[in-house]
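Report on one structure; see the data block that follows.
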Amino acid sequence: MKKFFFLSLGALVIFFALVLPNHSGMLKLSSLNRWPLELPVLLLCMIAFGRRAWVVWALALVLVVVTFMKLADIGMFAAYNRTFNPILDASLINAGISLLSDSIGTPLTYLLIAGVIVAMVLWLFALVHSLRVWAGLEMPNVARIGAVIGAFGFGGWAVADAGHHLEFWKFERSPPGTAWTSRLAFKRAAAMRATAIDLAQFSEAAQNDIYADATNLMDGLDGHDVILIYIESYGRASFDNALYAPTHMATLESYEPAIADAGFAMRSGWLTSPTAGGQSWLAHGSLASGLWTSDNGRYTAMLASGHKWLFHFAQDAGYRTATVMPAITMAWPESSKMGFELVIPATEIPYKGERFNWVTMPDQFTLATYPSLLPDDPRPDFLQIALISSHAPWVPVPDMVAWEGVGDGTIFNEMAARGPTPRELWKNRDDIREAYRKAVDYSLNATLSHVARLGDQAPLVFIIGDHQAAGFVAGSDNMDVPVHMIGPPGLVALIESWGWSEGLIPQPDGPVRRMDSFRNDFIDAFSGGTQVVEVQDE
């Protein structure tokens, strides 16, 4: 009886490893209502070959890796609405730890990491013990031969099911049971192989650029300053989701008269971001490089290629290029490959107030301060400003203050001390969505109010959402983001062919183009005398 209990318990542990889903939406009891075809294969293999210790440990390690991949998928779906790819996503670990540390505190973060490591080690030993119980069954040789035959039989059954669902072949109906975990492992291995091939092809394509040797670029700007302002987590949800649209659209409409009175024209449209939920640098890279940097592998390959960003072309056209990055708190060596002459990270922005958890400073302070951080230079400016007040965890949300009262930022200290804490807020998804609504609205107010004050300088301004918020916040899987062009009417008229809507509200059925189209579209629109040298394939 005791042996039967341990055999059943061991089979149950392996069963859970195989039926564990890889998406939070599938974490329900109904997920247990399926028979994993790999289970009898593993158990019969233990009976046949389990006396060899390395077989037990090898299979246990495979199951631990599969468990980790499924859990990583759950986290990636929640944050970025996609699966985990080891080739591309290893660099996200540090970013995730940093965000978690700012949300729940460093001690609790490291305690959580230690807990995960301990849990995975315990899971490994649980699997090893479970497999050993079946390997330790005393059976005659003929029974072990029968186990080998049975393992091959169930293995063939699992292959038949996997091939059916992977569409290598088709049966009239799916075989009973499921080899879902095997299919997942196969698809992940295939995705990693495809990623390696894609990166090689991408690196080669990045070497070819029709504008690399072009002349007379951006002469249509007529020396006007250009400012690209990114609003964090500002996506189509601000227009499509009933939780946010009434607030955000009302804010946009309320600023149209003031911006028009400042002498500006306005156009708005849609771009498709390569990311959602985070990884803003992928959006920045796609838009400015003209390459679809949809993952960190492509982003790294793009930087290594020497491909020219929009800012390189601006330099060639006689502009001083700079980026204002209040989220950058550590060394950022890759910025040297992006075409920026001047990088202003958080440490060089003289904010004396308290942090807003992960957010180093309110957007209004960044916008009020950056002009004074630019050294005197006779050249016009081509600037990138990446705002962060609407970055998760979206608490606390600052209030707008009089621009002349921003000072050194200490005016925001009382706001930075407001509750709830991120840990308290993130216990309730409705509270998270409400905080997100307020944070994006604050960023829109700060940005539009600042732009309305720039009338006498007549710059050309693009206000761009970098990506949608995570799916459970945005309420959809849509990857589109709004973009608003504000500037002198003569310059704004040059993008007539883009089909963007007048004003600050883009038409819901307006044209949508990927972010990587922006660089070339911008150059085409504002380069009246461009001479392009065609790249010939050798």
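For (1) in the same structural domain as residue 512 (by TED's automatic domain parsing); (2) on the phi > 0 side of the Ramachandran plot, each residue gets a yes or a no:
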position	(1), (2)
260	yes, no
277	yes, yes
294	yes, no
302	yes, no
323	no, no
330	no, no
335	no, no
340	no, no
Working only within the range 395-422, note down all residues that are buried (at least 20 other Cβ atoms within 10 Å of the Cβ), under 28 Å from the mean Cα position of the chain (by Cα) and either of a type in the set (S, T, N, Q) or in a helix (DSSP H, G or I) (or both). 422
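Name every residue in the range 160-186 that is among the aliphatic types (A, V, I, L, M) and in contact (Cβ under 8 Å) with a residue 24 or more places away in the chain, in order of residue number.
The first filter runs over the range 160-186 and keeps only residues among the aliphatic types (A, V, I, L, M), leaving 160, 162, 166, 179, 184-185.
Of everything in the range 160-186, those that are among the aliphatic types (A, V, I, L, M) and in contact (Cβ under 8 Å) with a residue 24 or more places away in the chain turn out to be 162, 179, 184, 185.
When the range 286-310 is examined, which residues are found to be free of Cβ contacts under 8 Å to residues at least 24 places away in the same chain and assigned to a helix (DSSP H, G or I)?
Initial filter on the range 286-310 (free of Cβ contacts under 8 Å to residues at least 24 places away in the same chain): 294, 299-300.
Result: 299, 300.
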Pair list, Cβ under 6 Å, 6 or more apart: the range 196-225 residue touching a residue at least 60 places away in the same chain (Cβ under 8 Å), other residue of a type in the set (D, E, K, R) and surrounded by 15 or more Cβ atoms within 10 Å (Cβ to Cβ): 202/298; 225/381
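Check 513, 519 and return the single one that is basic (Lys, Arg), under 19 Å from residue 286 (Cβ atoms), touching a strand residue (DSSP E or B) at 6+ places or on another chain (Cβ under 9 Å) and in contact (Cβ under 8 Å) with a residue 24 or more places away in the chain.
Values: 519 fails: touching a strand residue (DSSP E or B) at 6+ places or on another chain (Cβ under 9 Å).
Going through 513, 519 in turn, just one is basic (Lys, Arg), under 19 Å from residue 286 (Cβ atoms), touching a strand residue (DSSP E or B) at 6+ places or on another chain (Cβ under 9 Å) and in contact (Cβ under 8 Å) with a residue 24 or more places away in the chain: 513.
Being in the same structural domain as residue 505 (by TED's automatic domain parsing) and without any contact (Cβ under 8 Å) to a residue 24 or more places away in the chain is the requirement here; does residue 438 meet it?
no
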Of the residues in the range 311-326, those that are under 23 Å from the mean Cα position of the chain (by Cα) and assigned to a loop (DSSP other than H, G, I, E, B) come to 326
Note: among 369, 329, just one is among the β-branched types (Val, Ile, Thr), closer than 30 Å to residue 441 by Cβ, assigned to a loop (DSSP other than H, G, I, E, B) and over 17 Å from the mean Cα position of the chain (by Cα), namely 329
Which of the residues belonging to the range 320-371 are free of Cβ contacts under 8 Å to residues at least 24 places away in the same chain and not β-branched (Val, Ile, Thr)? 330, 331, 332, 333, 335, 336, 345, 346, 371
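Rundown of residues vs (1) surrounded by 18 or more Cβ atoms within 10 Å (Cβ to Cβ); (2) modelled with pLDDT under 95; (3) among the charged types (D, E, K, R); (4) within 20 Å of residue 246 (Cβ to Cβ), yes/no style:
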{"residue": "376", "(1), (2), (3), (4)": "no, yes, yes, no"}
{"residue": "387", "(1), (2), (3), (4)": "yes, no, no, no"}
{"residue": "448", "(1), (2), (3), (4)": "yes, no, no, yes"}
{"residue": "459", "(1), (2), (3), (4)": "yes, no, no, no"}
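The values are calculated or read from the model by the stated rules, or taken from the named source; none is laboratory data. The shown structure was predicted, so the numbers you read here are calculated from the model rather than taken from an experiment. Every residue, glycine as well, gets a Cβ built from its backbone with ideal geometry; the counts of neighbours run over all protein chains shown.
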